[in-house]
Amino acid sequence: MTAAEREARGPIDALIAAEGLPASYRATIEAHWRPLAHAIAARATGLPLIVGVSGSQGSGKSTLCRMLEALLAEDHGLRVATLSLDDLYLTRAARAELAASVHPLFATRGVPGTHDVALGLSLLDAVRAGQAGLVFPRFDKAADDRAPEAEWQTLTAPVDVLLFEGWCMGARPQTAADLAIPLNRLEAEEDAGGIWRAHVNAALAGPYRALFDAPDLMVMLAAPGFEAVLGWRQLQEAKLRARSGGGMSDAELARFVMHYERITRHLLADLPGRADVLIALGEDHAVTAARHRADQTISTPQPRPS
């Protein structure tokens with residue numbers, strides 16, 4: 001397929017427009033996402049392939065997954081779906097019970113311990129079994145609760161590739177020594193005894209281990225540092241306030257992001273050496289490098305039939 005033929009295809013252009021991305025984003029698609037889709041397709045033989053996509057808040061996981069869905073379908077004829085870890089959040093009532101019985105910080109969604117891991121594992125097992133008619137839950141962040149089942153996504157056919165994305169995908173537990181010292185004001189003032197972070201860590205060592213070990217291939221979108229993550233979230237929230245008049249203030253957002261700081265920093269230090277594909281990002285979200293774990297650069301796809 002020639003460059004002119006690719007340019008003429010509508011779905012990618014429509015997706016770029018729907019995501020509010022500049023026309024220049026096509027260069028990122030051709031340089032990085034199309035080769036990544038090719039590498040995934042090469043692995044998608046036999047049983048359904050589960051691809052983990054890990055990246056901090058604001059790193060662009062959802063956009064990447066939408067691009068990969070389109071590219072894998074158009075270029076390789078594969079049936080692809082995306083499951084977000086966010087959609088596995090416990091209901092608001094269940095988190096309230098957890099907050100009352102374990103620690104008040106569990107009222108806030110996000111960290112390990114606030115997801116329905118059993119549901120996630122059952123869905124992954126069903127995907128691997130090639131089941132049709134699977135129903136993926138949806139979480140309504142505006143309501144801070146699981147969406148009504150009428151709004152859940154139904155997969156009419158088995159999928160060849162499942163993209164399983166989440167901000168803490170692939171996280172491993174820390175040592176007791178790592179947990180002992182509070183990392184930020186939230187931990188120091190609201191978890192002085194370390195109960196919350198110890199419970200989160202135990203979840204990573206226990207139920208989440210099988211969930212995060214499930215992917216056959218792990219892709220990481222690596223932020224240049226936690227400071228960039230905070231900046232990305234501030235930008236997202238500013239856009240939300242401008243669009244809807246709602247959203248968190250800068251002070252509220254700073255506290256909210258502190259819930260995720262420990263695991264985000266740990267992932268940035270630990271996961272790059274374990275990820276099958278590492279996509280390094282600059283502060284402007286531009287891809288600075290995309291490499292296989294064995295340092296093989298993903299830059300150019302092999303020829304495909306036109």
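Quick look at the values:
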quantity	calculated
Extreme residue, farthest from Leu211 (Cα to Cα), among residues of the range 57-86 that are among the aliphatic types (A, V, I, L, M) and not in a helix (DSSP H, G or I)	Leu78
Check on Ala223, among the hydrophobic types (A, V, I, L, M, F, W, C), under 30 Å from His38 (Cα atoms) and surrounded by 14 or more Cβ atoms within 10 Å (Cβ to Cβ)	yes
Only listed residue being out of contact with any strand residue (DSSP E or B) (no Cβ under 8 Å at 6 or more places or on another chain) and modelled with pLDDT of 95 or more, chosen from Asp191, Asp250	Asp191
Criterion violated by Ser56 - all others in (1) surrounded by fewer than 23 Cβ atoms within 10 Å (Cβ to Cβ); (2) of a type in the set (Gly, Ala, Ser); (3) under 24 Å from Ala228 (Cβ atoms) satisfied	(1)
Qualifying residue in the range 118-137 (condition: farther than 30 Å from Ala42 by Cβ, assigned to a helix (DSSP H, G or I) and modelled with pLDDT of 95 or more)	yes
Within the range 276-293, considering residues that are over 18 Å from the mean Cα position of the chain (by Cα) and assigned to a strand (DSSP E or B), the one surrounded by the most Cβ atoms within 10 Å (Cβ to Cβ)	Arg291
Within the range 146-189, tally of residues that are among the acidic types (Asp, Glu), in a helix (DSSP H, G or I) and either in contact with a helix residue (DSSP H, G or I) (Cβ under 6 Å, 6 or more places away or on another chain) or under 13 Å from Val111 (Cβ atoms) (or both)	1
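The values are calculated or read from the model by the stated rules, or taken from the named source; none is laboratory data. A quick note: this is a predicted structure, and the numbers were derived from the prediction, not measured. Neighbour counts are summed over all protein chains in view; Cβ atoms, including those assigned to glycine, are modelled from backbone coordinates with ideal geometry.
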